[in-house]
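The values are calculated or read from the model by the stated rules, or taken from the named source; none is laboratory data. What you see is a predicted model; the values in this text were computed from it and never measured. Cβ placement follows ideal geometry from the backbone for every residue including glycine, while neighbour counts extend to all protein chains displayed. All accessible areas refer to the heavy atoms of the entire protein, side chains included, with ligands and DNA or RNA removed. Shrake-Rupley method; radii C 1.70, N 1.55, O 1.52, S 1.80 Å.
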Amino acid sequence: MAKQRHSWGSKLGVILAVAGSAVGLGNFLRFPVQAAQNGGGAFMIPYFISLLLLGIPLMWIEWTAGRYGGGFEHSTAPGIFHSLWEKNRFIKYFGVIGIFGPTVIFIYYIYIESWTLAYSVFVAIGKYSSCADQASLVNFLQGFQGLARNEYFNSIGLAYIFFLVTFLINIVILYHGIKSGIERLCKIAMPILFIFAALVAIRVLTLPAPDPAKPEWNAVNGLGFLWNPDFSVLTHSKVWLAAAGQILFTLSVGIGVILTYASYLKKADDVTLSGLTAASTNEFAEVILGGSIVIPAAFAFFGPQSVVEVAKQGSFNLGFVTMPLILVKIPLAALFGFFWFFMLFLAGLTSSVSLALPAIAFLEDEFNLKREKAVFIFGAICFLLCQPAIFFLGNGVVDELDFWGGTLCLVLFATVEVVLFSWVFGIDKAWEHMHHGAMLKVPKIYKYIIKYVTPLFLFFILGFWFIQEGIPVIAMENVSDVNKPYVLATRLGLLALFGILCILVKIAWRRRRMRTYH
């Protein structure tokens, strides 16, 4: 008897789930850093061009391809790619990237997610209230991460407890499946996330100038800093690459997650309006809310000259050092601090469960495992794989995982799927499938954008990015001699993981052929 496939409970549920996958820590931490470092308002020009020519087309491609592959009882990229190009026996191995990438991101993302839960508790009990400057908050964060022993923490024990709690929460949600687990989570978490983000944004934007002697240092002028363009930066390719990379990252396209989510749609379910709605929800969270919190607040408290320097310190410092330093100085500091960190936790949680799903769905579909057993196997393996990211955080392991899983795989996978969808499967056939049951007629110009512009854009990104950033990282140019053994060990581990996934795909297809013959 055929195993019954998962399904979504409602159209709102799948939209919120896809939006939840996209709305993550990057919306509130990575986006303002990218904008501040790349010309402020000028960054938004390539950002929105990338959204129109890259992000939205890829969103529609993944919704359509996922629903199509689901009709063949495939929920992950190897099977979906195979259903798009049945005559090619190698294409399914390119689809392995769509399981490998999310899994690699999951094994470090979940640890960072646990920090947001920990800080939600810390701010509520006033654990870091004595930290009055940036140096003390950096010291607090490093002590918590186990990178240093100080007056705040003498071991990594507390951080590990929060990791265990966060990991368990993720596994419990995944154990309950699509409808009762992920969909229920997103229906509850997404409204709370937006309410908390809106409250923090309103509080920041209504703050009076902290320094009466400098009334121009206020949050509204901070918005101006973010949106006033420096057009000279548009001649720099790195700004365009940063904008395109942010779009891929923020919409969760090129990872394989949306393919899996869309595979549980019914054949007549809409993908055009639903995909656009999910993308728009994410953009609202990122541009309107994410752009109205950190940079305006930093501008008000530290001034225009310091904002770029603050951004250069990276997303971690922005979220766990700069924002706490600001929040402790405003009325109802504990309340708004809790809103900030618990909002980040919910954003992280809705993303991390989506990252886990492709691997679990692969075990369910291709090896006919029950969901509970698939979740247990995934949980046990990933728990072991998480340990290097926790205990060797200071040795470049997380940066290495982020490069291969969260950067290279993203661009490479997006490039493969857009060529496969528009050129191999065929744009006319793809266009017809995209509009099956559609509630929105996609402008015909997108037929040509998807076939010509989006692939060229991705080849451009892949080529320039590889030359400018990829080669130096692969050559370990910026890795210290002390950390090189850890980086090499991480690469060998990732290579082994990718190889194992390829072997599992080969075994799965052999089993399918045997079932077909019998």
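Checking the conditions here, which among Glu417, Glu477, Glu469 is modelled with pLDDT of 95 or more and of a type in the set (Asp, Glu)?
On the way: Glu477 fails: modelled with pLDDT of 95 or more; Glu469 fails: modelled with pLDDT of 95 or more.
After applying the criteria, what remains is Glu417.
Considering only residues that are in a loop (DSSP other than H, G, I, E, B) and in contact with a helix residue (DSSP H, G or I) (Cβ under 6 Å, 6 or more places away or on another chain), look in segment 225-263 and name the one that is farthest from Leu12 (Cα to Cα).
Taking segment 225-263 first, the residues in a loop (DSSP other than H, G, I, E, B) are 228, 230, 236, 252-256.
Subsequent filtering for residues that are in contact with a helix residue (DSSP H, G or I) (Cβ under 6 Å, 6 or more places away or on another chain) retains 228, 230, 252-256.
Numbers: Asn228: 36, Asp230: 39, Ser252: 18, Val253: 20, Gly254: 23, Ile255: 22, Gly256: 21 Å.
Out of the qualifying residues, it is Asp230.
Sort through Phe367, Phe316 and tell me the only one that's surrounded by fewer than 21 Cβ atoms within 10 Å (Cβ to Cβ) and within 30 Å of Ala77 (Cα to Cα). The conditions single out Phe367. Is it true that some residue in segment 356-377 is of a type in the set (S, T, N, Q) and at pLDDT 95 or above? No, every residue in segment 356-377 fails to be of a type in the set (S, T, N, Q) and at pLDDT 95 or above. Scanning segment 331-347 for residues being surrounded by fewer than 24 Cβ atoms within 10 Å (Cβ to Cβ) and touching a Gly at 6+ places or on another chain (Cβ under 8 Å) gives a total of 1.
Within segment 15-27, residues that are under 12 Å from Trp63 (Cβ atoms) and of a type outside the set (Gly, Ala, Ser) reach partners that are part of a helix (DSSP H, G or I) and open to solvent by 10 Å² or more (accessible area, probe 1.4 Å) with beta carbons closer than 9 Å, at six or more positions or on different chains, in the pairs Ile15/Thr277; Ile15/Thr281; Val18/Thr277; Val18/Thr281. State yes or no: is Ser136 in a helix (DSSP H, G or I), closer than 21 Å to Leu393 by Cα and out of contact with any His (no Cβ under 7 Å at 6 or more places or on another chain)? Yes, satisfied.
Among the helices (runs of 4 or more DSSP H) confined wholly to segment 437-479, which include 1 or more residues that are open to solvent by less than 80 Å² (accessible area, probe 1.4 Å) and without any contact (Cβ under 8 Å) to a residue 12 or more places away in the chain?
454-465, 471-474
Tell me yes or no: at least one residue of segment 371-393 is open to solvent by 30 Å² or more (accessible area, probe 1.4 Å), in contact with a Gly (Cβ under 7 Å, 6 or more places away or on another chain), within 24 Å of Arg184 (Cα to Cα) and in a helix (DSSP H, G or I). For segment 371-393, residues open to solvent by 30 Å² or more (accessible area, probe 1.4 Å), in contact with a Gly (Cβ under 7 Å, 6 or more places away or on another chain), within 24 Å of Arg184 (Cα to Cα) and in a helix (DSSP H, G or I): present.
Of the residues making up segment 206-235, those that are farther than 18 Å from Gly290 by Cα, among the hydrophobic types (A, V, I, L, M, F, W, C) and open to solvent by less than 60 Å² (accessible area, probe 1.4 Å) are Ala209, Trp217, Val233, Leu234. Could you tell me which residue of segment 153-191 is nearest to Leu369 (Cα to Cα), considering only residues that are open to solvent by 50 Å² or more (accessible area, probe 1.4 Å) and not in a helix (DSSP H, G or I)? The residue in question is His176.
Checked against (1) in a helix (DSSP H, G or I); (2) aromatic (Phe, Trp, Tyr); (3) open to solvent by 20 Å² or more (accessible area, probe 1.4 Å), Tyr47 passes all but a single condition, namely (3). Looking at (1) more than 22 Å from the chain's Cα centre (by Cα); (2) at pLDDT below 85, can you tell me which one Gly314 breaks? Unmet condition: (1).
For (1) open to solvent by 10 Å² or more (accessible area, probe 1.4 Å); (2) closer than 20 Å to Leu357 by Cβ; (3) assigned to a loop (DSSP other than H, G, I, E, B), each residue gets a yes or a no:
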{"position": "Pro78", "(1), (2), (3)": "no, yes, no"}
{"position": "Tyr93", "(1), (2), (3)": "yes, no, no"}
{"position": "Gly98", "(1), (2), (3)": "no, yes, no"}
{"position": "Ile105", "(1), (2), (3)": "yes, yes, no"}
{"position": "Ile112", "(1), (2), (3)": "yes, yes, no"}
{"position": "Leu117", "(1), (2), (3)": "yes, no, no"}
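Residue pairs whose Cβ atoms lie under 8 Å apart, separated by 6 or more positions or on different chains, with the first residue in segment 480-507 and open to solvent by 90 Å² or more (accessible area, probe 1.4 Å) and the second not aliphatic (A, V, I, L, M), are Val482/Asn395.
Give Val271, Val257 a once-over and let me know the one that is more than 19 Å from the chain's Cα centre (by Cα), surrounded by 24 or more Cβ atoms within 10 Å (Cβ to Cβ), touching a residue at least 12 places away in the same chain (Cβ under 8 Å) and closer than 26 Å to Leu54 by Cα.
Just a single option satisfies the conditions, and that option is Val271.
None of Pro296, Pro324 is in contact with a Cys (Cβ under 8 Å, 6 or more places away or on another chain), within 27 Å of Gln37 (Cβ to Cβ) and in a helix (DSSP H, G or I) except Pro324. Of all the residues in segment 16-44, those that are open to solvent by 20 Å² or more (accessible area, probe 1.4 Å) and modelled with pLDDT of 90 or more number 1.
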